[in-house]
Amino acid sequence: MTEGEDEKMTKRWQKDADGILIFTGLFSAALAALLTVSVQDLKPNPQDTSVFYLGNIYQLLADPNISRASILATQVQPPTFSPPKSAVLVNSLWFLSLVISMTSALLATMLQQWAR
């Protein structure tokens with residue numbers, strides 16, 4: 001009698017773990033797709049740097065009275081990039097969600113191994 005109940009319980013655990021693994025797999029795949037798009041907000045846009053340098057070149061070419069010495073003295077670096085706080089917060093939550101999902105999948109796999 002007890003062995004039969006133990007067998008039913010382990011089968012239920014294995015089925016629950018199967019469901020968790022399927023869900024975490026689908027969730028992690030969707031999350032990875034969102035992360036690839038969202039992580040771009042944490043990097044500087046190369047087009048902004050190009051626009052900055054092209055603007056400087058235009059300013060130099062537009063003023064014919066400027067000398068070469070003053071051109072070298074006034075070389076300016078593009079402004080430093082700092083990602084928006086909202087992008088950092090959103091990406092932190094996405095990565096935390098992915099870690100929790102992967103941990104859940106690992107625990108479900110360990111439960112399946114233990115239940116066998």
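The values are calculated or read from the model by the stated rules, or taken from the named source; none is laboratory data. For clarity, every value in this text was computed on a predicted model and none was experimentally measured. Don't worry about glycine lacking a Cβ; one is built from the backbone with ideal geometry, like all the others, and counts go over all protein chains shown. In case anyone asks, the SASA skips ligands and DNA or RNA and just uses the protein heavy atoms, side chains included. Shrake-Rupley method; radii C 1.70, N 1.55, O 1.52, S 1.80 Å.
Straight-line cross-link partners of residue 8 among the aspartates and glutamates, defined as a Cα under 14 Å from its Cα and at least 8 positions apart when in the same chain: 16. Taking the stretch 32-48 and a reference point 7 angstrom along Cα→Cβ of residue 89, no backbone N atom is nearer than 14 Å. Rounded to the nearest 500, the 222 nm mean residue ellipticity of the chain from helices alone is -27500 deg cm²/dmol, with -39,500 (n - 2.57) taken per DSSP H run of at least 4 residues. Taking all protein chains together and a 1.4 Å probe, the residues 10, 2, 109 rank 2, 109, 10 from largest to smallest accessible area. In order along the stretch 49-65, the phi-based Karplus estimate (6.51 cos²θ - 1.76 cosθ + 1.60, θ = phi - 60°) of 3J(HN,Hα) comes to 5, 4, 5, 4, 5, 5, x, 5, 4, 4, 4, 5, 6, 6, 10, x, 8 Hz; Gly and Pro are listed as x.
Counting only protein chain heavy atoms and rolling a 1.4 Å probe, the accessible areas of 12, 116 rank, largest first, as 116, 12.
Take every pair of alpha-carbon atoms less than 8 Å apart whose residues are at least six positions apart; their mean separation over the length of the chain yields a relative contact order of 58 percent.
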